[in-house]
Ligand SMILES: [Fe+2]
């Protein structure tokens, strides 16, 4: 007699090709198994896009990307942007931004930092900031150089009601000149023109895909909150930054070569630890644009 539960050869694969492992109780997941799937099929793109917005950050391990493969993998998440610091980009795949202290890649001196990089979310100084960033580790230092992500949506959810009311409708001013000055970066002409306009964005942002509310701040570039006296603005920014970066809302990642992390810039902030100058950290990043119609933070 035929056992209906076993041995049915209908061509459908029954072992789960993918699994997830939570990185924290609140957000972040490692996607296990994605490495073995060849050709970035449409079903994989659909699953990963859903997980990206569900978890805020996705970790993939043991990837063996050359530049073309990294670009193709990233394209599953949307249109890629050529980063404004064009002199940091790969010459053959300009969608890839080098984030490294390697000195043999013909990069400008200010690209080579091994310093801390304070809390921020990418490109908030632009009118239409990137929705996603994917950072791939090729070589990592033995000490330091960890990246941290903080869940600003969970931080918003647990604010007291009166704080939510107070910040509703407020906008923060995001000025690229602040990070340039603080970190001694030499913005090239393209980047200067691109970020010349000073942007303001809502402090409480509605996610363009999930419609979930989140705090939206980047302490590296935010100078003040519009319409508030300076002392009040400073105090509120400090309070909200502390809420976002509360240790129980932070995931710390110790990189291994072959790791890639994709994050949702509309939901999480990130920062980096310094590492010893005599150790090499070599990462490549792709930057993912949101669909144009929903690209201005609201
Ligand atoms: Fe960043």
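Among the residues that make up segment 162-171, is at least one of them within 14 Å of the ligand (Cβ to nearest atom) and in a strand (DSSP E or B)? No - not one qualifying residue is present in segment 162-171.
Every residue, every condition in (1) surrounded by fewer than 14 Cβ atoms within 10 Å (Cβ to Cβ); (2) closer than 30 Å to residue 31 by Cβ, yes or no:
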| residue | (1), (2) |
| --- | --- |
| 202 | no, no |
| 207 | no, yes |
| 229 | yes, no |
| 237 | no, no |
| 240 | no, no |
| 251 | no, yes |
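Only one of the numbered conditions (1) part of a strand (DSSP E or B); (2) away from the ligand (no atom under 16 Å from the Cβ) is not met by residue 99, and that is (2).
Given the structure, is residue 186 over 30 Å from residue 293 (Cα atoms), loosely packed, with under 14 Cβ neighbours inside 10 Å and modelled with pLDDT of 95 or more? Answer is no for this residue. For segment 114-150, filtering for residues that are outside any loop (DSSP other than H, G, I, E, B), away from the ligand (no atom under 12 Å from the Cβ) and under 11 Å from the mean Cα position of the chain (by Cα) leaves 1.
I need every pair where a residue in segment 219-231 that is in contact (Cβ under 8 Å) with a residue 60 or more places away in the chain has its Cβ under 8 Å from the Cβ of a residue that is part of a loop (DSSP other than H, G, I, E, B), sequence separation at least 6 or different chains. Note: pairs meeting the criteria are 221/124; 221/125; 221/175; 222/124; 222/175.
State whether the residues of segment 84-96 include one that is within 16 Å of the ligand (Cβ to nearest atom), in a loop (DSSP other than H, G, I, E, B), out of contact with any strand residue (DSSP E or B) (no Cβ under 9 Å at 6 or more places or on another chain) and more than 20 Å from residue 262 (Cβ to Cβ). Within segment 84-96, one or more residues are within 16 Å of the ligand (Cβ to nearest atom), in a loop (DSSP other than H, G, I, E, B), out of contact with any strand residue (DSSP E or B) (no Cβ under 9 Å at 6 or more places or on another chain) and more than 20 Å from residue 262 (Cβ to Cβ).
Just checking, which of 204, 222 is in contact with a helix residue (DSSP H, G or I) (Cβ under 7 Å, 6 or more places away or on another chain) and either more than 16 Å from the ligand (Cβ to nearest atom) or at pLDDT below 95 (or both)? Lay out the reasoning, then the answer.
Working: 222 fails: either more than 16 Å from the ligand (Cβ to nearest atom) or at pLDDT below 95 (or both).
Going through 204, 222 in turn, just one is in contact with a helix residue (DSSP H, G or I) (Cβ under 7 Å, 6 or more places away or on another chain) and either more than 16 Å from the ligand (Cβ to nearest atom) or at pLDDT below 95 (or both): 204.
The values are calculated or read from the model by the stated rules, or taken from the named source; none is laboratory data. These numbers come from a predicted model, not from an experiment. Every residue, glycine as well, gets a Cβ built from its backbone with ideal geometry; the counts of neighbours run over all protein chains shown.
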